[in-house]
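Derivation of every value follows stated rules applied to the coordinates shown; laboratory data play no part. Keep in mind that this is a model prediction, so the values were computed, not measured. Don't worry about glycine lacking a Cβ; one is built from the backbone with ideal geometry, like all the others, and counts go over all protein chains shown.
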Amino acid sequence: MRSSGAAIKNRAALRASETDVRAEIDGLKSELLAIKRSAERVARYAHNLERMMNVPQQAAALLAVLMLRGPQTAGELRLNCERLHCFADIPAVEALLNELAERSDGALVMRLPRQPGSGENRRTHLLSGAPADQSSSATGLAAESPSLGISELAAVKANVARLEAEVHELKDLLAKVCAQLGIK
């Protein structure tokens, strides 16, 4: 079986050095999110998310998949969590998501607005804060949305003009650097 050189380079770029891994583990240990499990020849660690956040194992599975894969529907979460926890059905996933959204300690997930053309709402985790509103930043939606005010449209246009100017400046700078290095 042959593999391309680009694929090999991509796999090598994804590898973390031992010092990087140790630094990340130390960071997790300092926040008590990872604990050392054994002191044999090779150190082994286990996550401590369930205990630290006071959530059951199946909730930790949902949160892990949301952190790794981003916003998903309840059906997608049920399929993607299968290796971590096997949910009986989609209503079981939705019930747990609702519990995580209505926790007295603070919500851990939230329901996102339904996207045009989609049948279900997606959910996202709140472990790194609430997600930014993506609908107003898209210029395609700005032109089509009847609820977008004139001032908001003007702000979007000004932002696009500013970004275009920055791109032009960066192109000029790159051309100068290439000329100094003798690169065409």
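Backbone amide hydrogens, once placed in the peptide plane, bring Asn48 within less than 5 Å of Ala34, Ile35, excluding anything fewer than 5 places away on its chain. Each eigenvalue of the Cα gyration tensor of region 52-125, multiplied by 5 and square-rooted, gives one semi-axis; in descending order these are 18, 15, 11 Å. When Lys176, Lys157, Lys184 are sorted by how many other C-beta atoms sit within 10 angstrom of their C-beta, beginning with the fewest, the order is Lys184, Lys176, Lys157. Of the residues Val156, Val177, Val65, the one with the fewest other Cβ atoms within 10 Å heads the list, and the complete ranking is Val177, Val156, Val65. Each residue of region 119-127 was assigned a 3J(HN,Hα) from its phi angle through the Karplus expression (A = 6.51, B = -1.76, C = 1.60, θ = phi - 60°), giving x, 10, 6, 9, 10, 9, 7, 10, 5 Hz with x at Gly and Pro.
For Gln72, the residues whose modelled amide H falls within less than 5 Å of its own, excluding neighbours fewer than 5 places apart on the same chain, are Arg123. Tell me which residues come under 5 Å, amide H to amide H, from Val109 once H is placed; ignore anything under 5 positions away on its chain. Hits under the 5 Å cutoff: Ala101, Leu126.
Sequence-ordered 3J(HN,Hα) estimates for region 162-174 from the Karplus curve with 6.51, -1.76 and 1.60 and θ = phi - 60° stand at 4, 5, 5, 5, 4, 4, 4, 4, 5, 5, 4, 4, 5 Hz, glycine and proline given as x.
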